[in-house]
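Before any comments, here is the structure.
Here, each number is a calculation from the coordinates, and none is a lab measurement. In this text, all values refer to a predicted model and were calculated from it rather than measured experimentally. Here Cβ is always computed from backbone atoms with ideal geometry, including for glycine, and neighbour counts include all displayed protein chains.
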Amino acid sequence: MRFNKLDLNLLVALDAMFTLRSVSRAAEQLHMSQSALSSSLARLREYFDDELLVQVGRKMELTPRAEVLQEAVRDVLVRVNTTITAMPHFDPAKSDREFRIFVSDFTMTVLMPHVLALAAEQGSTARFHLLPQSRQPQRTLEHGDADLLVIPQDYCSADHPVEALFDEQFCCVVWNRSQYARSGLTMAQYADAGHVVMQPPGMDRSFEFTLMQGTGLVRRVEVTSFSFLAAPGLVVGTERIATVHQRLAKVVSASLPVTVLPLPGEMRRMTQAMQWHKFRTQDPGLVWLRALIHAAVGRMDG
């Protein structure tokens with residue numbers, strides 16, 4: 001199919017090369033020969049009168065024109081894919097659809113078991129692919145890599161629909177034989193203690209940093225983890241403190257030798273939300289999934 005003398009099939013190849021920055025890897029992903037994809041790249045270069053991808057050292061980099069084209073090409077393909085793949089009806093008991101959901105290990109621990117249990121009760125045959133969150137979660141929506149994000153509302157994109165799921169408070173977790181477990185925790189002790197924090201990969205500060213700004217809570221970080229779930233276990237045998245989600249603390253305290261204490265000061269609550277691509281608001285499958293997650297929140301807190 002051609003539009004304005006451009007073979008639209010070439011856009012799929014262009015998107016793969018933009019994403020992977022490699023002709024050979026893009027050819028492998030598209031199940032094409034490298035020579036065939038090189039030929040496609042030559043046609044694209046001729047059409048746009050631009051090199052698009054250039055070799056810099058051992059990598060390929062996008063030209064300024066390609067940088068401009070990248071988001072536009074991806075947007076077109078997402079729109080087309082959404083239109084073609086959207087089914088007029090969705091029956092969870094007859095579907096083999098796979099939902100790709102980006103979640104933190106906090107969400108995977110406290111919420112997703114209830115989502116999966118409710119889906120099973122409905123006889124759902126749909127599949128769930130739970131994926132780790134990326135540094136720029138909004139890009140996973142733009143690129144069509146995720147059906148749904150479950151993330152703090154502060155991290156949601158302004159370009160796509162958002163629904164709040166629940167508010168989350170934070171508390172302190174300490175080893176149950178520590179001095180704090182015996183005597184409690186003051187603001188001064190909190191500031192003087194060593195802390196275990198969760199710092200998302202690729203970020204230079206802990207997740208709770210923004211929630212603590214302006215509260216007077218100060219920490220001396222001694223241990224950094226990439227996992228919310230691991231942080232409470234890392235205080236065992238030490239005098240350190242982990243500041244964690246209250247729902248997560250409730251879950252882990254049942255199996256770890258820890259004591260849960262209130263924060264010695266105020267900390268802004270986190271609002272957990274879900275977000276999806278604006279072109280997929282009426283997707284019957286996602287309408288079902290969003291309703292399922294809302295119901296799971298009720299069960300989680302019930």
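The figures follow:
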quantity	calculated
Label-point gap, in nm, between residue 239 and residue 295 - each point 7 angstrom along Cα→Cβ	5.1 nm
Stokes-Einstein D (µm²/s) once Rh is taken as the Kirkwood radius of segment 170-268 over alpha-carbon pairs, at 37 °C in 0.692 mPa s	248 µm²/s
Label-to-label distance, nm, for residues given as residue 55 and residue 33 (7 Å Cα→Cβ offset)	2.1 nm
Computed FRET value (nearest 0.05) for residue 24 with residue 116, which takes r as the C-beta separation and R₀ as 35 Å	0.35
Rough spin-label spacing in nm, given labels placed 7 Å along Cα→Cβ, for residue 12 and residue 220	6.0 nm
The chain, helix-only ellipticity at 222 nm - DSSP H runs n ≥ 4, -39,500 (n - 2.57), divided by all residues, nearest 500	-11500 deg cm²/dmol
Gain upon complete extension [residue 210, residue 68; 0.36 nm per residue less C-alpha separation]	47.9 nm
Potential lengthening between residue 188 and residue 131 on full extension [0.36 nm per residue; Cα-Cα distance subtracted]	16.6 nm
Relative contact order (%) - criterion: Cα under 8 Å, at least six apart; region: segment 224-285	24 percent
Antiparallel bridge percentage (DSSP; both residues within the chain; nearest 5)	60 percent
